[in-house]
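Data first, discussion second: the structure below is written as structure tokens.
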Amino acid sequence: MSRLFVLILPLLVSCSARNYTYYLIEPEPQKHPALKEEGNLTRPLGFGSTTVMKVRWNDGNIITEVDVPVLSTGQRIVIEHGAGRPDVKTIPATRVVPPPPTQADTTLIEAYRARGLRVDESAPEVSITRARTLMQEAVKGGNYQLALEWCEVVLQRYKSHPEFLRAKASLLLMMGERDKAIEIYEQVEAIESDPEVRKKLEELQRQGK
């Protein structure tokens, strides 16, 4: 028995000196020098509290937008879309939810981008056609505050949209914000001049003298 142990011991030592690859491929494959890793690996993202991944969900009724921290610990983060528990801290809800874009918006968005106008990619996507309809309905109902909110929903993403900038200036004027309306009219005239807007702007400027 002791003699058998002496024979097996060298065999075990030689096995421990060989890696797992040795038993799959013989002889062991050689790694190309270009694939050898030296030093610490550079991560594509800097892990920490300042690195986040923006997650959005919009079903037309509720919009959820969360900045999820990228954690090196790999711990799980659960995002609850909808009414949650009272002990969970949530962002206050608003009555105006950006309607999600449809096929009808594709041409309008492409035309806007083709002009090189500003797009805030971090802002929620929004249907320009649907927001326009909702804004016009609010104006007809005399609810200028709501109409302004729908206008701002579009301008949050498409900051230089001439139509909605003109609408914003007109709404502000109807709400008594004359100076702010003049400022927006001047801003949109620099982007795209319109005879009616220019005439209105000159009239307001004369009244202020």
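Coordinate-derived values only; no laboratory data. In this text, all values refer to a predicted model and were calculated from it rather than measured experimentally. Glycine gets a Cβ as well: all are built from the backbone with ideal geometry, and neighbour counts include every protein chain shown.
Here are a few things to note about the model shown:
- Full extension of the segment from S122 to Q145, taken as 0.36 nm per residue of separation minus the current Cα-Cα distance, would add 5.8 nm.
- Neighbourhood charge, 15 Å Cβ-Cβ cut-off, centred on L171 and excluding it, Lys, Arg +1 and Asp, Glu -1: 0
- Taking amide H as placed 1.01 Å from N in the peptide plane, the amide H of R118 sits under 5 Å from that of S160, each at least 5 places away or on another chain.
- Kirkwood Rh in Å, taken over region 108-185 so that all alpha-carbon pairs contribute: 12.8 Å
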